[in-house]
Amino acid sequence: VAGRRALIQEQEFSTIQKELDIARRIQLSILPSDFPASASFRVAARYLPMTSVAGDFYDFLVADAHQAGILIADVSGHGIPAALIASMVKLAAVSQSANASQPSELLLGMNGVLCGNTQEQFVTAAYVYLDAATSEFRYSAAGHPAMLLLRNTKVTSITENGLMLAAFSFATYTTVSFPLQPGDRLLLYTDGILEAANNEGEEFGHDRLAALLQKTSTLSHL
């Protein structure tokens with residue numbers, strides 16, 4: 001009897017592992033490939049989930065020689081449920097592609113799509129639109145950690161937060177605009193990097209992340 005139970009448990013575990021692997025591959029498939037070659041922008045992305053699948057997500061809603069629209073989002077919770085909702089976030093973002101140049105309108109539209117459809121889980125998000133033709137970038141966020149701007153060795157936090165997505169149908173969002181200068185570096189991230197802890201339980205935190213970004217000012221832009 002014990003041997004039969006062990007065999008059944010092993011088979012169940014194998015099935016779960018296969019399903020997790022499928023979920024992981026599906027989730028990776030919704031993430032974009034490399035940012036297209038551009039004369040104006042260089043975009044780099046790194047995706048490293050804490051578990052096999054997670055709710056972190058990013059996408060390039062605009063990607064050409066003169067414009068870039070970059071979205072990052074983080075679904076509450078972990079595992080397959082969060083990954084499923086991340087797929088919904090992608091669909092919500094694509095449905096608002098007509099608002100790609102207006103960050104607050106894009107987030108507002110996404111909130112309308114997601115509200116009532118996420119099983120009480122919420123989503124934080126940030127979106128930045130860069131326009132090389134006008135030398136400007138626009139930014140809006142929904143309960144997300146501040147975007148960091150590195151300009152001439154100085155790091156500035158940019159926060160323009162409305163309420164998180166999928167939680168409140170009455171949420172509103174606003175956009176801030178800044179001049180875009182040659183050599184500017186913008187960093188979008190999820191709170192997983194801030195909450196990463198060392199062996200003593202000390203979190204990495206915002207200040208260390210800002211200091212790390214500042215050190216990159218000596219690195220080539222190419």
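On full extension of the chain, what length is gained from SER217 through VAL43, given 0.36 nm per residue of separation minus the C-alpha to C-alpha distance? Don't skip to the end; give the middle numbers.
Working: separation 174, 0.36 × 174 = 62.64 nm, distance 1.56 nm.
Result for the pair: 61.1 nm of gain on full extension.
I need two numbers for region 167-216: Rg to one decimal and Dmax as a whole number, Cα atoms only, in Å.
15.8, 42
Got a sec? What order do TYR58, TYR139 fall in by accessible area at 1.4 Å, biggest, i.e. largest, first?
My answer, sorted largest first, is TYR58, TYR139.
Using only the alpha-carbon atoms, what does region 127-208 span along each of its principal axes? Please give whole angstrom values in decreasing order.
For region 127-208, the Cα spread along each principal axis is 48, 40, 13 Å.
If you count only protein heavy atoms and use a 1.4 Å probe, how large is the accessible surface of ILE85, to the nearest 10 Å²?
Near enough 10 Å² of accessible area.
Could you point to the label whose value was computed as mean projected area of the Cα convex hull in nm² for the structure here, given (i) 13.4; (ii) 12.0; (iii) 15.0?
(iii)
Leaving out ligands and nucleic acids, note down the accessible area per residue over region 30-83 with a 1.4 angstrom probe, in whole Å². Write down the numbers at each step before the final one.
On the way: 2670 Å² over 54 residues.
Ligands and nucleic acids excluded, the result is 50 Å² per residue.
For the chain, what are the DSSP H helices with axial Cα length of 27 Å or more and mean Kyte-Doolittle hydropathy of at least -0.5?
Within the chain the helices that satisfy the rule are 2-30.
If the cut-off is 20 Å between C-alpha atoms, which aspartates and glutamates fall inside it for LYS154, apart from same-chain ones fewer than 8 positions away?
Straight-line reach from LYS154, under 20 Å: GLU136, ASP184, ASP207.
I need the Kirkwood Rh of region 45-108: take the reciprocal of the average 1/r across all distinct C-alpha pairs and report it in angstrom.
12.5 Å
Need one number: the % of Cα-Cα pairs in region 89-175 sitting beyond the 16 Å mark.
The calculated P(r) of region 89-175 puts 53 percent of pairs beyond 16 Å.
If each DSSP helix of 4+ residues adds -39,500 (n - 2.57) and the sum is divided by the residues in the chain, what number results at 222 nm, nearest 500 deg cm²/dmol?
-11000 deg cm²/dmol
At 1.4 Å probe size, with the rest of the protein present, what percent of the exposed accessible area of the chain is carbon and sulfur atoms?
Percent of accessible area from carbon and sulfur atoms in the chain: 56.
The values are calculated or read from the model by the stated rules, or taken from the named source; none is laboratory data. Since we're looking at a predicted model, the values are computed, not measured. These accessible areas exclude ligands, DNA and RNA; they are computed on the full protein's heavy atoms, side chains included. Shrake-Rupley method; radii C 1.70, N 1.55, O 1.52, S 1.80 Å.
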